[in-house]
1. I'm trying to understand the selection: among the residues of the range 600-637, which are in a strand (DSSP E or B) and touching a Cys at 6+ places or on another chain (Cβ under 6 Å)?
2. How many residues are part of a loop (DSSP other than H, G, I, E, B) and not hydrophobic (A, V, I, L, M, F, W, C) when one looks only at the range 149-179?
3. Please note which helices (runs of 4 or more DSSP H) are completely contained in the range 202-258 and include at least 2 residues that are touching a Gly at 6+ places or on another chain (Cβ under 9 Å).
4. What's the number of the condition Lys614 fails, among (1) among the basic types (Lys, Arg); (2) closer than 21 Å to Cys577 by Cα; (3) at pLDDT below 85?
5. Lys494: assigned to a helix (DSSP H, G or I), surrounded by fewer than 20 Cβ atoms within 10 Å (Cβ to Cβ) and not acidic (Asp, Glu), yes or no?
6. For the range 1-37, what are the residues that are modelled with pLDDT under 95, among the hydrophobic types (A, V, I, L, M, F, W, C) and over 18 Å from the mean Cα position of the chain (by Cα)?
7. In the list Pro503, Pro464, which residue meets the criterion of being modelled with pLDDT of 95 or more and of a type outside the set (A, V, I, L, M, F, W, C)?
8. Just checking, which of Leu434, Leu448, Leu418, Leu444 is buried (at least 16 other Cβ atoms within 10 Å of the Cβ), modelled with pLDDT of 95 or more, more than 27 Å from Asn87 (Cβ to Cβ) and touching a Ser or Thr at 6+ places or on another chain (Cβ under 6 Å)?
Amino acid sequence: MEKKKFYMTTAIAYTSGKPHIGNTYEIILADAIARFKRAQGYDVFFQTGTDEHGQKIELKAAEAGVTPKEYVDKVAGEVKRIWDLVNASYDKFIRTTDEDHEKQVQKIFKKLYEQGDIYKGSYEGMYCTPCESFWTESQLVDGKCPDCGREVKPAKEEAYFFRMSKYADRLIEHINTHPEFIQPVSRKNEMMNNFLLPGLQDLCVSRTSFKWGIPVDFDDKHVVYVWLDALTNYITGIGYDCDGESTEQFKKDWPADLHLIGKDIIRFHTIYWPIFLMALDLPLPKQVFGHPWLLQGDGKMSKSKGNVLYADELVDFFGVDAVRYFVLHEMPFDNDGVITWELLVERLNSDLANTLGNLVNRTISMSNKYFGGVVADKGAAEPVDEELKAAALETPEKVAEKMEKLRVADAISDIFALFKRCNKYIDETMPWALAKDETKQDRLATVLYNLVESISIGAELLEPFMPETAGKVLAQLNAEKRGMEAMKQYGLYKSGTKVTEKPEILFARLDIREVMKKVEELHPPVAEEAAEPVKEETVIDIEPKEEITFEEFGKMQFQVGEIIACEEVKKSKKLLCSQVKIGSQVKQIVSGIKAHYSAKEMVGKKVMVLVNLKPARLAGVLSEGMLLCAEDENGELALMVPEKEMPSGAEIC
């Protein structure tokens with residue numbers, strides 16, 4: 001029977017510098033999905049790589065005193081080294097400086113020009129060099145780039161443009177008729193409400209102000225602009241040919257089953273990329289998943305902020321699989337996750353050393369102590385066994401269901417729930433007590449068999465997420481991999497098999513004080529040139545309002561809400577209209593905060609909401625509640641947000 005294909009990609013890493021753990025999270029996530037699909041029997045092709053052109057690279061190379069190609073060769077090598085370090089099982093590592101890719105990009109550009117989708121014009125606007133993006137004055141936030149918050153400069157140059165609006169209605173229809181296309185749903189709402197429905201502007205697809213790019217072969221003054229170059233890697237990497245001579249692999253694997261990307265580049269992958277494909281008369285990818293960010297402490301990782309963690313450094317401290325476990329387990333489906341040294345140590349000690357490592361160690365140790373390492377099912381069953389067996393048989397289906405929805409953190413939690421159930425089973429059956437009774441030897445053997453069988457199932461399920469650890473567990477138990485389909489049966493571990501004599505410590509517990517001491521040695525505090533004088537804390541006194549009773553206060557209902565979509569109120573200079581998810585319901589709330597927040601940056605925020613405010617119309621738009629804000633003496637507003645991660649609908653009391 002021919003295997004069903006599964007083609008997946010990550011975003012290609014930009015070669016401006018060494019990738020931090022937030023960048024590396026994506027390749028680990030993609031690898032877990034690819035490995036799981038392989039275990040399910042899919043013919044997987046997993047592509048990743050590097051994005052290597054652009055003005056930013058040209059400037060960095062000049063600063064380093066090397067050519068752009070020398071610069072990207074070094075960084076691409078570093079990216080690949082880190083991807084390999086974390087055990088990413090990719091099938092192809094593409095570089096946008098690959099000759100075959102560059103050739104196809106030139107052919108694609110020419111084809112789109114000749115069919116009228118690309119035309120020559122000129123661009124004038126505010127330009128952000130780090131993002132390589134032009135912006136209009138109205139798109140800026142506080143006069144700065146709306147994407148990265150950095151300074152922008154006025155620029156004007158001749159450029160080629162792509163007619164985006166020509167395909168906008170067709171894309172809107174596709175998104176509406178394919179609800180699985182953009183995930184999570186909050187990303188879909190953001191794209192529709194903030195970009196597609198207000199109307200698309202034509203896209204700049206060439207530049208003349210720098211040279212480090214793929215030349216437009218019929219107009220060598222221009223180089224192909226970043227997104228038309230970078231995005232097309234998903235088809236050139238599997239053999240697309242613009243002249244109709246595509247490879248058999250392209251014919252088999254396209255369309256992609258999954259593009260896995262960061263939420264910050266969702267617009268390029270769900271608007272620009274589908275429109276490019278429509279213009280090339282190619283099918284659209286089946287799904288684009290915009291994963292959240294992994295934050296360091298309480299902020300997005302940034303070299304300029306000095307809060308960057310790197311995968312190789314973390315691996316030196318904790319090992320590859322511990323790092324893989326942490327980043328996969330700690331990332332919610334559609335909210336940002338947090339990584340700190342302290343959290344890593346806590347998870348390693350509690351989940352890996354205790355729940356898993358201690359379970360495997362004592363199961364093998366008891367098997368050796370009581371039966372010379374031989375694990376045999378003596379059929380001495382008792383009712384307490386049934387719950388463990390049910391958990392072992394239910395877990396593969398639960399994990400497969402979560403992985404189908406890309407809820408990877410939940411899938412890992414299900415596997416560790418099985419390991420926790422095994423630990424509970426030991427407490428329930430008390431093998432050490434059974435060992436003291438000669439008449440209970442068959443029961444003791446059966447208990448240990450049930451443990452080894454259940455751990456074997458859990459370990460095999462764990463392989464996509466923690467491949468080295470899963471392999472070690474199965475090897476120590478002398479258990480054969482059975483495959484996903486066979487996990488529907490309990491009792492496939494061969495009775496009479498002998499486990500290893502000396503179990504390996506999978507994860508040694510760490511002392512947080514020792515870890516932090518080493519971290520400080522690696523990263524000594526940067527000495528400040530001069531201490532700034534301590535500023536007196538600013539306080540604000542406001543006119544007190546009339547006192548209210550506790551009963552009156554109790555009539556107000558405050559809850560945590562998540563903003564899933566936001567747009568400007570067209571008839572107003574001050575108002576934004578937000579769709580706020582509160583528990584299972586969505587309320588529309590109009591707020592006078594347009595001067596302080598853009599519609600784009602509102603999406604995804606968890607906010608505090610006065611829920612039972614009587615509905616009213618503002619500028620003709622219905623408002624069904626109020627977002628809580630603080631205001632300083634200058635009239636600056638700040639949304640009130642939960643101090644810790646809280647679910648939508650949580651009561652504020």
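The values are calculated or read from the model by the stated rules, or taken from the named source; none is laboratory data. Remember, it's a predicted structure, so these values are computed and weren't measured experimentally. Ideal geometry is used to build each Cβ from the backbone, glycine not excepted, and the neighbour counts take in all protein chains shown.
1. Val621, Leu637
2. 6
3. 226-231, 248-253
4. (3)
5. So Lys494 fails the test.
6. Met1, the sole residue that qualifies.
7. Pro464
8. Leu448
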